[in-house]
Every structure is written in structure tokens, then in C-alpha cells.
Amino acid sequence: MKNKFYKLLFLSVLSLFAVSCSNDDDNHDDHDHDHDTSEEHTFVRVLLSDEKTAELTLFDPHEDKISSFTAKFAKSSLYTTESGRYAGIVHRDNNFVETFDSGLELHGDHIDVDDVPKFGILATSALKPTHFKSKIGEILTFNDGDGTLSVGKEADVHKAGATFKTINAGLLAHHGAMATFTNGTYAITEKDNSVTGTLPEKVKIIDNTGKTLFDAKIQTKGIHGNASDGVYAVFGSSSGILVVESNGNQKLIDHPSDFGTAWFGSILETASAGKFIGFTAAKGAYLIDVVANTVKPIIANTTIMQCKVSYDHKKLAVLLHSGDFKLYDISSLQVAKEVKATSETATDATLKPQMAVTDRFAYITSPSTGELLQVNLSTSAIKKTKVSSTPYMITILGYENSETHNH
């Protein structure tokens with residue numbers, strides 16, 4: 001009897017151990033902790049448009065896999081939404097905006113493949129949609145043709161009948177821009193024709209109905225380019241760097257003393273609160289601290305062809321006309337990587353290489369060969385992948401993450 005009892009006890013313990021292991025298998029995440037950092041993250045995707053055809057190319061660098069899709073029109077501009085899952089596809093000359101879904105969904109510390117890559121239902125017609133932004137779950141374009149905003153929601157990308165809402169703030173048509181604050185209001189440019197041409201001169205604050213909450217306080221001689229971290233909206237201006245807050249406060253930060261008539265026509269967001277990148281081809285790329293009111297050079301160079309922040313907004317990548325690629329750490333302003341990435345590109349080339357950068361790779365289009373160059377930031381190796389006849393624009397989708405759970 002005693003032997004029988006111990007035998008039963010042993011089988012019971014063994015059974016509990018087996019159940020415990022089984023539960024561990026059910027709940028264990030398939031975290032790829034040993035993922036090779038010289039390879040791309042599993043859930044990064046690269047989306048490219050083509051200049052001459054409506055073809056979109058979705059490239060999975062980890063699997064070295066190409067998928068092709070057909071957009072509404074050729075020569076589309078591509079942008080990634082705030083979540084990283086979707087792309088906004090802007091057809092300015094065709095007055096249309098559509099959306100694309102990578103199919104990847106972030107769940108805290110891991111990624112699920114939620115669906116196959118496909119176009120979203122959410123789309124809209126608008127007059128010359130040009131400037132794109134995505135904050136607080138929204139997808140926005142400023143429409144140069146009539147000075148309106150088109151606002152959609154990421155949550156509605158696949159909602160039946162979904163479209164964009166139009167916000168009319170009573171503006172004149174102009175080449176404008178907008179920025180979203182975390183409280184749901186917008187900084188939006190105004191045109192009063194005090195300066196000839198299509199550039200606006202002022203910025204005001206509106207709500208989501210188009211109602212003016214705070215009138216413009218500063219008039220400039222022309223505005224182009226902007227970025228926002230949700231607290232500060234920063235606009236490039238020939239009169240200085242225009243900083244706007246949601247409470248209506250506005251100020252100008254002076255350009256460096258040697259700028260002369262040069263000014264930042266592009267403003268880029270960084271991962272550091274209150275810090276932005278200003279870029280002008282006439283001078284180079286500079287770090288703007290809107291709290292300290294400082295402008296510091298990162299790279300003073302007049303041969304920059306492309307200037308982009310990395311996908312995590314922690315590094316600044318520049319591609320020179322010579323084909324030299326330089327990567328800077330934004331926190332230290334020091335060079336993190338230098339490599340000869342492409343052949344030389346003429347300054348008057350009709351179509352120039354475009355660039356997007358993750359923490360492991362730089363992706364650079366080669367319009368003349370129809371290829372995508374993958375520059376390994378760890379080894380400096382360069383791989384070429386045929387993508388389309390004439391790659392035009394590029395954006396990163398997905399997540400710098402290789403972790404998944406089995407459900």
C-alpha cells in the first residue's frame with residue numbers, strides 16, 4: 001500500500017509539473033532575445049512609391065521579401081502615422097489621400113501580425129493636400145488648394161464608410177502647415193498677403209471646429225516647414241524660428257549670426273522634449289532648443305542632399321551629394337557613423353535619392369537603377385534590392401522590435 005501511495009504521489013507531482021510546463025508554453029513569449037543586431041528588426045517594413053507608376057513596394061528587410069501594391073496614382077508622397085502601423089499616401093496633384101496598413105500591431109512589449117498588408121478604407125478627396133502630420137491618433141493634411149485641414153483617425157482606417165473630416169478656419173489658400181498640440185488644438189498658418197507668393201506669414205491657434213482660440217501675435221516675412229512635440233510647435237521663418245504654444249504664447253528665436261538671409265525651411269522633431277532640428281541647404285543642420293533659445297550646429301555643410309531624423313528620432317542622418325552618409329547622435333551632437341553609401345548625385349538631378357533610417361540600417365533609394373540600398377550601420381555593408389522602375393518616396397512602417405507572443 002505504501003509503495004502504491006508513493007507511486008500515486010509521484011504520478012500526481014509529475015502530472016502537475018507537466019501541466020505547469022504546458023501553461024508555461026501557452027504563456028511564454030517567443031522573445032527573440034538573441035536577435036543579431038547586425039540584422040534588421042523583425043517588424044520593420046519599408047514602403048516605397050514610384051515616380052512613373054502607381055506601384056507601391058513593401059519591403060520586409062528581415063525576411064528579404066518584396067510585396068507589390070497599386071496605389072490610386074503615381075508619384076505619391078508617403079508618411080508614417082503616429083502609431084507606426086499605418087501610412088498616409090498623399091497624391092497632391094491628384095487631390096487625394098489614401099491610407100495603407102502594414103498589418104502589424106504593437107501590444108506593449110511585443111508585436112502581433114494582426115492582418116495582411118493592405119489599403120485602408122479611410123480616404124478623402126481634398127484640394128492639393130500637401131503637409132502631413134499625425135498626432136494623438138489623428139491623420140491630418142493641410143490642403144494648399146483651399147486652406148482647409150482634413151482630419152481622419154487611425155482607429156477608422158478600416159471602418160466602413162470612413163472618411164476625413166474637413167476643418168475650415170476661414171483661411172486664404174496658401175502653401176501652409178499645421179501642428180497638433182496634446183490638448184487637441186492646432187497651430188495653423190495664415191496668409192494675409194503682406195508678403196508676395198504662396199508662403200504664409202502668421203500662425204494662429206484653432207480648435208477642431210476651425211474656431212480661432214488665439215490670434216497670431218507675430219508676423220513674419222514668410223513661413224515654411226514645421227514640427228511639434230505636442231507642447232511646442234516650431235515653424236521655419238525668414239524672420240527667425242517661430243515657436244508657438246497652445247496657450248497662444250509666441251516668440252522668435254534668432255538664426256545664427258552668420259546666416260545672413262538664410263533660414264530654416266525644414267524643421268524636424270526629435271525624441272528630446274523642446275529640441276528640434278532646423279535644416280537649410282544654404283547652411284546645414286542645427287539643433288534648436290526652444291526652452292534655452294539656442295541654435296547649435298550639428299553639421300555646417302552646403303552639400304547636404306537629404307536630412308532626416310531616424311525612426312526613433314534619436315539620431316540625425318544626412319546624405320551628401322557626394323554620396324557620403326553621416327549619422328549624428330542628437331543628444332551628444334557627435335558623429336556615430338560615416339560611410340560612402342552611394343555614387344555622386346548632381347545638384348541639378350531631376351530625381352534624387354531619398355532616405356529613411358532605423359537604429360540598425362539606412363535605406364536609400366536609387367532612382368536611376370530602381371534599387372533600394374540597405375546600409376548596415378553596424379558593419380557598413382551595403383546590399384541592393386530591386387524595388388521598382390523609378391523609386392520615388394520612402395517611409396518606415398512597423399516597429400524596431402523583434403519580439404512576438406504565440407497565442
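In the range 69-81, the residues that are among the aliphatic types (A, V, I, L, M) reach residues that are in a loop (DSSP other than H, G, I, E, B) with C-beta atoms within less than 8 angstrom, at least six apart or across chains, in these pairs: Ala71/Ala54; Ala74/Glu51; Ala74/Lys52; Ala74/Thr53; Ala74/Ala54. Scanning the range 253-275 for residues that are over 26 Å from the mean Cα position of the chain (by Cα) and of a type outside the set (S, T, N, Q) returns Asp254, Pro256, Asp258, Phe259, Gly260.
Residues that are in contact with a Pro (Cβ under 7 Å, 6 or more places away or on another chain) and touching a residue at least 40 places away in the same chain (Cβ under 8 Å) within the range 114-143 comprise just one, Thr141.
When the residues of the range 35-65 are filtered to those that are touching a Phe, Trp or Tyr at 6+ places or on another chain (Cβ under 6 Å) and in contact (Cβ under 8 Å) with a residue 60 or more places away in the chain, the one that is surrounded by the most Cβ atoms within 10 Å (Cβ to Cβ) is Ser49. Within the range 299-316, the set of residues being among the polar types (S, T, N, Q) and not in a strand (DSSP E or B) comprises Asn301, Thr302, Thr303, Ser310. Among the residues of the range 148-161, those that are modelled with pLDDT of 95 or more and over 19 Å from Ser77 (Cβ atoms) comprise Lys153, Ala155, Asp156, His158, Lys159, Ala160. Filtered by the rule that a residue be closer than 15 Å to Ser83 by Cβ and open to solvent by 60 Å² or more (accessible area, probe 1.4 Å), the range 117-138 gives a lone residue, Ile136. For Val195, only one of the following conditions fails: (1) assigned to a strand (DSSP E or B); (2) in contact with a Gly (Cβ under 7 Å, 6 or more places away or on another chain). What is its number? Going through (1) assigned to a strand (DSSP E or B); (2) in contact with a Gly (Cβ under 7 Å, 6 or more places away or on another chain) one by one, Val195 breaks only (1). Within the range 121-132, none of the residues are of a type in the set (Val, Ile, Thr) and over 25 Å from Asn208 (Cα atoms). Here is a list of conditions, (1) surrounded by 14 or more Cβ atoms within 10 Å (Cβ to Cβ); (2) within 23 Å of the chain's Cα centre (by Cα), and Gly222 meets all of them except one; can you say which number that is? If we test Gly222 against (1) surrounded by 14 or more Cβ atoms within 10 Å (Cβ to Cβ); (2) within 23 Å of the chain's Cα centre (by Cα), just (2) comes out false.
The residue pairs whose first member lies in the range 379-398 and is over 13 Å from Thr369 (Cβ atoms), whose second member is assigned to a strand (DSSP E or B) and open to solvent by 60 Å² or more (accessible area, probe 1.4 Å), and whose beta carbons are closer than 7 Å, counting only pairs six or more residues apart or on different chains, are Thr395/Tyr79.
Thr350 - would you say it is of a type outside the set (Gly, Ala, Ser) and either touching a Cys at 6+ places or on another chain (Cβ under 8 Å) or touching a residue at least 12 places away in the same chain (Cβ under 8 Å) (or both)? Here the answer is no, as Thr350 does not meet what is asked. When every residue of the range 320-333 is checked against the conditions, none turns out to be touching a Lys or Arg at 6+ places or on another chain (Cβ under 7 Å), more than 23 Å from Met393 (Cβ to Cβ), assigned to a strand (DSSP E or B) and open to solvent by 60 Å² or more (accessible area, probe 1.4 Å). For the range 66-76, residues that are surrounded by fewer than 18 Cβ atoms within 10 Å (Cβ to Cβ) and either of a type in the set (Ser, Thr, Tyr) or in contact with a Pro (Cβ under 6 Å, 6 or more places away or on another chain) (or both) total 3. Residues considered: Lys337, Lys296. Of these, the only one that is more than 24 Å from Tyr363 (Cβ to Cβ) and either at pLDDT 95 or above or not in a strand (DSSP E or B) (or both) is Lys296.
Looking at the structure I just gave you, is Leu373 touching an Asp or Glu at 6+ places or on another chain (Cβ under 8 Å) and of a type in the set (A, V, I, L, M)? Against the criterion (touching an Asp or Glu at 6+ places or on another chain (Cβ under 8 Å) and of a type in the set (A, V, I, L, M)), Leu373 does not qualify. Residue check: is Phe164 crowded, with 23+ Cβ neighbours inside 10 Å and more than 27 Å from Thr280 (Cα to Cα)? Considered against the rule, which asks whether it is crowded, with 23+ Cβ neighbours inside 10 Å and more than 27 Å from Thr280 (Cα to Cα), Phe164 comes out as yes. Just to be sure before I move on: is Ser150 closer than 29 Å to Phe214 by Cβ and either touching a Pro at 6+ places or on another chain (Cβ under 7 Å) or among the hydroxyl-bearing types (Ser, Thr, Tyr) (or both) in the structure I sent? Criteria met by Ser150.
For every residue, the table says whether it meets (1) aromatic (Phe, Trp, Tyr); (2) under 21 Å from Pro391 (Cβ atoms); (3) out of contact with any helix residue (DSSP H, G or I) (no Cβ under 9 Å at 6 or more places or on another chain); (4) modelled with pLDDT under 90.
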residue	(1), (2), (3), (4)
Lys7	no, no, yes, yes
Ser15	no, no, yes, yes
Glu40	no, yes, yes, no
Leu47	no, yes, yes, no
Asp50	no, yes, yes, no
Asp60	no, yes, yes, no
Thr70	no, yes, yes, no
Arg92	no, yes, yes, no
Val113	no, no, yes, no
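Restricting to the range 95-116, and then to whatever is part of a strand (DSSP E or B) and of a type in the set (A, V, I, L, M, F, W, C), can you tell me which residue is most open to solvent (accessible area, probe 1.4 Å)? This residue is Val113.
The values are calculated or read from the model by the stated rules, or taken from the named source; none is laboratory data. In this text the structure is predicted, and so the values were computed from the model without any measurement. Because the Cβ atoms are built from the backbone with ideal geometry, glycine has one as well, and the counts that use them run over all protein chains shown. Just so you know, the surface numbers come from the protein's heavy atoms only, side chains and all, with ligands and any DNA or RNA stripped out. Shrake-Rupley method; radii C 1.70, N 1.55, O 1.52, S 1.80 Å.
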